[in-house]
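The values are calculated or read from the model by the stated rules, or taken from the named source; none is laboratory data. This is a predicted model, so every value here is computed, not measured. Positions of Cβ are generated from backbone atoms using ideal geometry, with glycine treated the same way; all protein chains shown enter the neighbour counts. Heads up: the accessible areas ignore ligands, DNA and RNA and are worked out on the full protein's heavy atoms, side chains in. Shrake-Rupley method; radii C 1.70, N 1.55, O 1.52, S 1.80 Å.
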Amino acid sequence: MQNVKILTAGDSSILIQFGNAIDPDINAKIAATVQLMKEQHIEGVVDIIPAFCSLLINYDPRVISYDEMKIRMEKILSVEIEAGARKKKVFEIPVCYGGEFGPDLAMIAEHAGLSEQEVIDIHTSTDYLIYMLGFLPGFTYLGGLDERIHTPRLANPRIRIPAGSVGIGGSQTGIYPMDSPGGWQLMGMTPVKTYDPEREVPILVEAGDYIRFVPIERPEYDRIKAEVEQGTYQVRIIEGEV
């Protein structure tokens with residue numbers, strides 16, 4: 001548990017700090033801890049919320065005390081240090097870039113001093129680690145965006161960005177899971193619903209998973225969108241070890 005701190009966070013929460021940097025190794029420790037907690041089925045745990053460098057655990061103090069919770073977490077963290085290779089789950093997300101779906105692609109390219117196709121090639125060349133979910137249900141905070149296409153947010157945010165929009169905001173890229181205001185530069189759109197309240201599991205991905213953007217043309221976008229609406233589309237998932 002070196003460099004890991006267990007702190008109180010109110011009368012029904014524990015905060016575990018794994019470090020103070022956005023780092024894949026720290027995220028791996030957080031993901032492994034979450035998995036071990038799920039396997040343990042600790043009675044009284046209400047919610048497990050991973051973030052960039054920490055893990056917030058909400059519990060019911062009527063079921064388990066702070067001292068008991070701390071002891072359980074110390075045991076889990078000691079096991080986590082010895083954990084072996086992690087499973088890597090990569091979700092392939094099809095994206096139609098540019099045009100009406102990516103009104104800021106030209107600006108992103110101009111800022112980078114690249115062609116639009118070069119920006120697309122760079123954006124689709126990486127498996128992006130999902131560090132955390134937040135801001136909106138299913139909104140993914142992804143790590144690994146190539147520095148060449150880092151792009152400042154819009155000076156004046158849009159009032160409405162459509163669900164499925166894929167954009168860049170500074171050093172991050174991600175998918176808007178629902179219609180919302182936002183200031184990211186929009187480069188494309190996916191027909192896949194990363195958040196669907198009607199689905200048995202509403203949020204498609206979890207922190208610790210990966211996203212791989214796959215470029216598609218408009219006809220394929222329309223075909224996939226129709227399948228999504230019919231409930232027949234299955235996102236391709238590639239599994240392996242990190």
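Considering only residues that are more than 27 Å from Asp23 (Cβ to Cβ), exposed (fewer than 14 other Cβ atoms within 10 Å of the Cβ) and touching a residue at least 24 places away in the same chain (Cβ under 8 Å), which ones fall in segment 223-242?
The one that is more than 27 Å from Asp23 (Cβ to Cβ), exposed (fewer than 14 other Cβ atoms within 10 Å of the Cβ) and touching a residue at least 24 places away in the same chain (Cβ under 8 Å): Arg236.
State which residue is modelled with the lowest pLDDT when the search covers only segment 7-30 and only residues that are open to solvent by less than 30 Å² (accessible area, probe 1.4 Å) and either in a strand (DSSP E or B) or of a type outside the set (S, T, N, Q) (or both).
So, considering only residues that are open to solvent by less than 30 Å² (accessible area, probe 1.4 Å) and either in a strand (DSSP E or B) or of a type outside the set (S, T, N, Q) (or both), the one modelled with the lowest pLDDT is Ala28.
If I filter segment 163-173 for residues that are farther than 30 Å from Thr33 by Cα, modelled with pLDDT of 95 or more and open to solvent by 10 Å² or more (accessible area, probe 1.4 Å), do I get at least one hit?
Checked segment 163-173: at least one residue is farther than 30 Å from Thr33 by Cα, modelled with pLDDT of 95 or more and open to solvent by 10 Å² or more (accessible area, probe 1.4 Å).
For the condition surrounded by fewer than 19 Cβ atoms within 10 Å (Cβ to Cβ) and either within 14 Å of the chain's Cα centre (by Cα) or at positive phi (or both), what is the one hit in Ile203, Ile159?
Sole residue among the options that is surrounded by fewer than 19 Cβ atoms within 10 Å (Cβ to Cβ) and either within 14 Å of the chain's Cα centre (by Cα) or at positive phi (or both): Ile203.
If you check Tyr176 against the conditions, is it touching a residue at least 60 places away in the same chain (Cβ under 8 Å) and either open to solvent by less than 80 Å² (accessible area, probe 1.4 Å) or polar (S, T, N, Q) (or both)?
It is false that Tyr176 is touching a residue at least 60 places away in the same chain (Cβ under 8 Å) and either open to solvent by less than 80 Å² (accessible area, probe 1.4 Å) or polar (S, T, N, Q) (or both).
Restricting to segment 99-129, and then to whatever is of a type in the set (Gly, Ala, Ser) and open to solvent by 20 Å² or more (accessible area, probe 1.4 Å), can you tell me which residue is nearest to Pro191 (Cα to Cα)?
By that ranking, first place goes to Gly99.
Test Tyr131 against the stated conditions and say whether it is part of a loop (DSSP other than H, G, I, E, B) and either of a type in the set (Ser, Thr, Tyr) or in contact (Cβ under 8 Å) with a residue 60 or more places away in the chain (or both).
no
Does segment 84-95 include one or more residues that are part of a helix (DSSP H, G or I), modelled with pLDDT of 90 or more and of a type in the set (Phe, Trp, Tyr)?
no
List pairs: first residue in segment 58-73 and of a type in the set (Ser, Thr, Tyr), second residue open to solvent by 70 Å² or more (accessible area, probe 1.4 Å) anywhere in the structure, Cβ distance under 8 angstrom, at least six positions apart or on different chains.
Tyr59/Val46; Tyr66/Thr8
Out of (1) at pLDDT 90 or above; (2) surrounded by 15 or more Cβ atoms within 10 Å (Cβ to Cβ); (3) closer than 28 Å to Phe213 by Cβ, the odd one out for Phe52 is which?
(1)
Evaluate segment 77-97: report whether one residue or more is without any contact (Cβ under 8 Å) to a residue 24 or more places away in the chain, farther than 27 Å from Lys193 by Cβ and open to solvent by 70 Å² or more (accessible area, probe 1.4 Å).
Looking for residues that are without any contact (Cβ under 8 Å) to a residue 24 or more places away in the chain, farther than 27 Å from Lys193 by Cβ and open to solvent by 70 Å² or more (accessible area, probe 1.4 Å), one finds at least one in segment 77-97, hence yes.
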